[in-house]
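J.: Pasting a structure here, questions to come.
Just so you know, all these numbers are worked out from the coordinates, no wet-lab data involved. Keep in mind the model is a prediction, meaning the values are calculated, not measured. Note that we place each Cβ from the backbone using ideal geometry, even for glycine, and neighbour counts take in every protein chain shown.
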Amino acid sequence: MMMGDGTMEESARWALPMLFAGQAQKEMQHNEALTLIDALLHGRAESADMTAPPGAPGIGRCWIVAAGATGEWAGQGGAVALWTDGGWRFIAPRAGLRMDVADRDHALFHDGGEWRAVPVRGDGVYIDEKRVVGPRMGTIADPTGGVIIDGEVRSAVSAILVALRGHGLIAR
């Protein structure tokens, strides 16, 4: 938002309040900016699935408001809701914002249009929400023995195992 003299009242990206020479009560603007930065810097949300505010939120805790929100969160779907000693503050997400989400045990990031789950999580790697690499399993032994020895097949299987171990996909 621009002031009459062409200077910005808020930062361009996160709408943090700006300070001006001769401004009264600068500490209020400064504290508001710090409150918003505190919520976003290495952000953590308790949940991204709630449509109503929790009954007893702790100061400094955040939630990503789910679509169809009600009560004090009505109309805030997709926003980051921050509980402060002054009540709820809502932060509109921007492309690149990442929030760890406690009840999902993985992070979400905002792509500029919607929240998306990160592809690399504690239980595997996901593409289009489908797990394509899961937790590492136990060791697979190199091929040995057999009635008929086929050197080419054994060599190919060994090369596959070496590659999988080298990439950390299976145990050594």
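J.: Mind putting a number on the dipole of the chain about its Cα centre? Charges go on the C-beta only, +1 for Lys and Arg and -1 for Asp and Glu, and I need it in Debye to the nearest 20.
T.: With only Lys, Arg, Asp and Glu charged at Cβ, the dipole is about 560 debye.
J.: Then there's this: Using the Cβ atoms and a cut-off under 11 Å, what net charge is assigned to the surroundings of His42, where Lys and Arg are +1 and Asp and Glu are -1?
T.: Working: positive: Arg44, Arg98; negative: Asp38, Asp100.
Here the charged neighbours net out to 0.
J.: How far, in degrees from 0 to 90, does helix 151-166 lean away from the longest principal axis of the Cα atoms of the chain, to the nearest 10?
T.: 20 degrees
J.: If you restrict to DSSP beta bridges whose two residues both lie in the chain, what percentage is antiparallel, to the nearest 5?
T.: In the chain, DSSP labels about 85 percent of beta bridges as antiparallel.
J.: Hey, another quick one. Quick one: angle between helix 26-40 and the longest Cα principal axis of the chain, in degrees between 0 and 90, rounded to 10, please.
T.: Orientation of helix 26-40: about 20 degrees from the principal axis.
J.: Could you derive backbone 3J(HN,Hα) for the range 125-130 from the dihedral phi with the Karplus parameters 6.51, -1.76 and 1.60 (θ = phi - 60°), listing whole Hz in sequence and x where the residue is Gly or Pro?
T.: 10, 10, 10, 6, 6, 10
J.: Can you list the HN-Hα couplings for the range 53-61, worked out from phi with the Karplus curve (6.51, -1.76, 1.60; θ = phi - 60°), rounded to whole Hz and with x for Gly and Pro?
T.: Residue by residue, the range 53-61 yields x, x, x, 9, x, x, 4, x, 7 Hz.
J.: Suppose R0 equals 25 Å. What FRET efficiency, 1/(1 + (r/R0)^6) with r the Cβ-Cβ distance, do Glu32 and Asp105 give to the nearest 0.05?
T.: It comes out at approximately 0.20.
J.: Given H placed on each backbone N at 1.01 Å, which residues far from Arg121 in sequence or on other chains put an amide H within less than 5 Å of it?
T.: Tyr126
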